[in-house]
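Everything below concerns the one structure shown next.
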Amino acid sequence: MEHRACHCCGLIHRLPQLTPNQKAVCTRCGAGISVPGCRQASASRTAAAALAAFVLFWPAILCPILQIEKLGHQQQSSILSGTIELLRHGNWFVGGVVLLFSVVFPLTKIVLLLELSLLEVFHRRHKALTLRIMEHVGKWSMMDVMLLAFLVMLVKLGNLVEFHFGPAVIAFVACVAMSMIASITFDPHAIWEDS
């Protein structure tokens, strides 16, 4: 018998020896409880989604995301070039906020998820620090909020300005989805196995 805490509500359970096909479920909240030996499956799912998010992140911020046409003038901009333009024109606060919350924090979260799920060479102290940083940075990662802001902007300004989606939109939406999947499949309890 082994004792495991539910990651959702914290209730301690005594788990019998389970086969790989069996799953343990919390009696209080119904959440799945990670069982010993599930590290490889959990890590591979998280790593696949995080790696896909990492690959999609670059075209999402570097390729043109919107082409705006107003009074015959066309302008296209990527997330990164738009942020740089904000900073160049002296909008330091807005540019800094967009840069931090839509570029730096999401990239940091993706890289830390990759580190925790792929690399098994770190000591416990390094894993604990990386996990804490990833949890704090993940709360401030706002790629999904930025996606909603784009949609609201399109609805509000649809009659005044003509918008065309750029090639980065598909990469951006897919990156947000892969990042969310990586976060959902990540099992923080599994990183301590074989430590």
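The values are calculated or read from the model by the stated rules, or taken from the named source; none is laboratory data. The model shown is predicted, which means the values in this text are computed figures rather than measured ones. Neighbour counts are summed over all protein chains in view; Cβ atoms, including those assigned to glycine, are modelled from backbone coordinates with ideal geometry.
The set of residues in region 106-137 being at pLDDT 85 or above and polar (S, T, N, Q) consists of Thr108 alone.
Residues that are touching a residue at least 12 places away in the same chain (Cβ under 8 Å), farther than 26 Å from Leu116 by Cβ and either surrounded by fewer than 17 Cβ atoms within 10 Å (Cβ to Cβ) or not assigned by TED's automatic domain parsing to the domain that holds Glu115 (or both): does region 84-97 have at least one? Yes; the residues of region 84-97 include at least one that is touching a residue at least 12 places away in the same chain (Cβ under 8 Å), farther than 26 Å from Leu116 by Cβ and either surrounded by fewer than 17 Cβ atoms within 10 Å (Cβ to Cβ) or not assigned by TED's automatic domain parsing to the domain that holds Glu115 (or both). For region 162-192, filtered to residues that are at pLDDT below 80 and surrounded by fewer than 17 Cβ atoms within 10 Å (Cβ to Cβ), the residue that is nearest to the chain's Cα centre (by Cα) is Pro188.
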